[in-house]
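Q: Let me give you the structure first, and then I'll get to my questions.
The values are calculated or read from the model by the stated rules, or taken from the named source; none is laboratory data. Here the structure is a predicted model, which is why all the values come from computation and not from measurement. Neighbour counts run over all protein chains shown; Cβ positions are idealised from the backbone, glycine included.
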Amino acid sequence: MKHTLILAATALVLAACTQDEPAEQGNALPEGEYPLELTATGMMQAVAAPFSRSTIDSDWEGVQNVAVQVGNETKVYTLTSSGDYKTATLTSTNPFYWTSTNETKTVEAWYPCLTTLPETWEVPVDQSAGMPADKDFLHAKQTIAFADRNEAGLTFGHCLAKVVINIQQSDYLDSFGGDLSVLLTDFLTRGEVDHNNGSIYIEGDRYSKGASITPHRLDTPADGAFASYEALVIPQSCYVDPSRLSAIEVRVGGAAYKARISELTGLGISYSFQANSVHTFDITVKEEGLEVSVDTGSMTWEDGADGSGSVVL
């Protein structure tokens, strides 16, 4: 009788373990019925024509595909924008699927839609016509649980830095009738892409050769400005080598005025152009030279650095 009771108790213990196991593992979901779909807020801006842009701001117009990676597999997701291009839905004809109610997925996404994350990144030296959409690099990475799929979201960030130059109104400029040009000199145009620690950032090689970047002149200048310019640059420290430093050059008529970044910021060679940040320089051109005020703190890319989205099924 004792032997029988022991066997019965053992059977109950085994049954309890068998019943608890699915609860620990989660309930399996029907195969192929729960696709991973994503929504994201705007990270891009309106474009004037396909694959070109006049500014780099905050909506998804002109973007068609985004690369999405789960584990070691990358798939192409189609991006469908809302009417105002501020939000977008990411879907795929060959999506990733949820397989269990307690599953978590580490989702990584980037634009432009490349098969693999690049090892290096470059910006064009001539941005006068606008920055091509596929030259701005966006990246997001988020671990999402099935249970939190409706609340969790992706946060995209720009891996480049944006420079804004506002040339202020002045009698000196008026006397030349708008004969004005701006150049960023000794800036890095190529950087290494770092994939460590779950984040992506681009850092320029301080020993590589710099180049002159022609920024885009905006159709509508900032308030109080005679003209405004924008450019995307590789994140970098102003210190490149002992013989040269990054600078802003302004030409009015036949006269050229140059201000080194390290000198006009007051931070010396410690000043850096940071990824995901706007660096704004307000410049007044006078006959005797340039008068510059600088946002030395560098602000987050307004309406373009942060985004959130939710996973929906």
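Q: Of all residues in the stretch 216-233, count the ones that are more than 25 Å from Phe137 (Cα to Cα) and in a strand (DSSP E or B).
A: Within the stretch 216-233, residues that are more than 25 Å from Phe137 (Cα to Cα) and in a strand (DSSP E or B) number 3.
Q: Quick check on this structure: which one of Asn166, Asn65 is touching a residue at least 12 places away in the same chain (Cβ under 8 Å) and in the same structural domain as Ser272 (by TED's automatic domain parsing)?
A: That would be Asn166, the only listed residue that is touching a residue at least 12 places away in the same chain (Cβ under 8 Å) and in the same structural domain as Ser272 (by TED's automatic domain parsing).
Q: Among the numbered criteria (1) in contact with an Asp or Glu (Cβ under 7 Å, 6 or more places away or on another chain); (2) under 22 Å from Asp148 (Cα atoms), which one does Glu103 miss?
A: So the condition that Glu103 fails would be (1).
Q: Would you mind telling me which numbered condition in (1) at pLDDT below 85; (2) under 21 Å from Phe146 (Cα atoms); (3) touching a helix residue (DSSP H, G or I) at 6+ places or on another chain (Cβ under 9 Å) Ala28 fails?
A: The one condition Ala28 does not meet is (1).
Q: If I filter the stretch 83-94 for residues that are surrounded by fewer than 17 Cβ atoms within 10 Å (Cβ to Cβ), more than 18 Å from Asp148 (Cβ to Cβ), among the acidic types (Asp, Glu) and touching a residue at least 24 places away in the same chain (Cβ under 8 Å), do I get at least one hit?
A: Checking the stretch 83-94: at least one residue is surrounded by fewer than 17 Cβ atoms within 10 Å (Cβ to Cβ), more than 18 Å from Asp148 (Cβ to Cβ), among the acidic types (Asp, Glu) and touching a residue at least 24 places away in the same chain (Cβ under 8 Å).
Q: I need the full set of residues from the stretch 114-151 which are more than 28 Å from Ser272 (Cα to Cα) and more than 19 Å from the chain's Cα centre (by Cα), in order please.
A: Ile144, Ala145, Phe146, Ala147, Asp148, Arg149, Asn150, Glu151
Q: Only strands (runs of 3 or more DSSP E) wholly contained in the stretch 90-196 count here; list those with 3 or more residues that are at pLDDT 85 or above.
A: In the stretch 90-196, 104-111, 120-122, 138-145, 161-168, 180-187 are the strands (runs of 3 or more DSSP E) which contain 3 or more residues that are at pLDDT 85 or above.
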